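Participant: Have a look at this one before I ask anything.
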Amino acid sequence: MGHPMLLEQSKLIEEFDTPELHLLIKDMIETMEAEDGAGLAAPQVGESIQLVVFGFKDNSRYPDAEEVPFTVLINPTIKILSDDKEDGWEGCLSVPGMRGLVSRASHINYKGVDQYGQKIDRNVEGFHARVVQHECDHLFGVLYPMRIKDMKQFGFHEELFPEESF
Ligand code: NI
């Protein structure tokens, strides 16, 4: 957080299934898994392009979260499907060690393509919807602390959740 690229709108991707794109995605997946993140956006690794990866089965950073299918999502658009919102704790690999309570739409539709240009079109809810909204925010220069309504609900993970192990 603080790097200017994280505050920019990133560019649409126009070429798919290229060696450069596959290599970047491989690096992003390795970084996400090494840090035990739920997702990662290209601007977080120095590429200002509209690419996010997300998904996990069991995540020690989010022990109560339901499984999210592993997804490479490019040039995404999000539509909010209902007025329902949920508060949930978020973290981010660009804001290490911190957690904040963020309100997100509970039900969304997201569309985009994968690394081969194949269409993705899903209606999702809960933590899956949260992860997609968080990651896609990165493509438009928004970091989750900007969405925290009550800054008393922002702090170090180990202070907010002392019962969890690290
Ligand atoms: Ni993030």
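The values are calculated or read from the model by the stated rules, or taken from the named source; none is laboratory data. Predicted model, so just to flag it, every value in this text is computed and none were measured. Positions of Cβ are backbone-derived with ideal geometry, glycine not excepted, and every protein chain shown enters the neighbour counts. In case anyone asks, the SASA skips ligands and DNA or RNA and just uses the protein heavy atoms, side chains included. Shrake-Rupley method; radii C 1.70, N 1.55, O 1.52, S 1.80 Å.
Here is a yes/no grid of residues against (1) more than 24 Å from residue 154 (Cα to Cα); (2) touching a Lys or Arg at 6+ places or on another chain (Cβ under 8 Å); (3) surrounded by 20 or more Cβ atoms within 10 Å (Cβ to Cβ):
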site	(1), (2), (3)
67	yes, yes, no
82	yes, no, no
86	no, yes, no
92	no, no, yes
95	no, no, no
99	no, no, yes
109	yes, yes, no
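Per-residue answers, yes or no, for (1) among the aromatic types (Phe, Trp, Tyr); (2) under 22 Å from residue 124 (Cβ atoms); (3) in contact with a strand residue (DSSP E or B) (Cβ under 9 Å, 6 or more places away or on another chain); (4) open to solvent by 80 Å² or more (accessible area, probe 1.4 Å):
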| residue | (1), (2), (3), (4) |
| --- | --- |
| 40 | no, yes, yes, no |
| 45 | no, no, no, no |
| 50 | no, yes, yes, no |
| 64 | no, yes, no, yes |
| 102 | no, yes, yes, no |
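Participant: A further question follows. Of all residues in segment 115-128 being assigned to a loop (DSSP other than H, G, I, E, B) and polar (S, T, N, Q), which is surrounded by the most Cβ atoms within 10 Å (Cβ to Cβ)?
Facilitator: 115
Participant: Something else about it: Within segment 129-166, can you find the residues that are more than 14 Å from the ligand (Cβ to nearest atom), assigned to a helix (DSSP H, G or I) and surrounded by fewer than 16 Cβ atoms within 10 Å (Cβ to Cβ)?
Facilitator: Listed by number, the residues that qualify are 151, 152, 153, 158, 159, 160.
Participant: Let me ask something additional. Inside segment 26-38, can you point out the residues that are closer than 24 Å to residue 117 by Cβ and open to solvent by 10 Å² or more (accessible area, probe 1.4 Å)?
Facilitator: Those that are closer than 24 Å to residue 117 by Cβ and open to solvent by 10 Å² or more (accessible area, probe 1.4 Å): 26, 27, 29, 30, 31.
Participant: Every residue in segment 2-53 that is closer than 21 Å to residue 97 by Cβ and among the β-branched types (Val, Ile, Thr), please.
Facilitator: 31, 45
Participant: Being of a type in the set (A, V, I, L, M, F, W, C), outside any helix (DSSP H, G or I) and more than 26 Å from residue 147 (Cα to Cα) is the filter here, so list the residues in segment 1-29 that pass it.
Facilitator: Matches in segment 1-29: 13, 16.
Participant: Next question. Within segment 118-144, can you find the residues that are touching a residue at least 12 places away in the same chain (Cβ under 8 Å) and either over 17 Å from residue 9 (Cα atoms) or more than 16 Å from the chain's Cα centre (by Cα) (or both)?
Facilitator: Selection gives 120, 121, 122, 123, 124, 125, 126, 127, 128, 129, 130, 131.
Participant: Which fully enclosed strands (runs of 3 or more DSSP E) of segment 30-114 have 1 or more residues being in contact (Cβ under 8 Å) with a residue 12 or more places away in the chain and closer than 21 Å to residue 1 by Cα?
Facilitator: So the answer is 39-41, 51-56, 85-90, 98-105.
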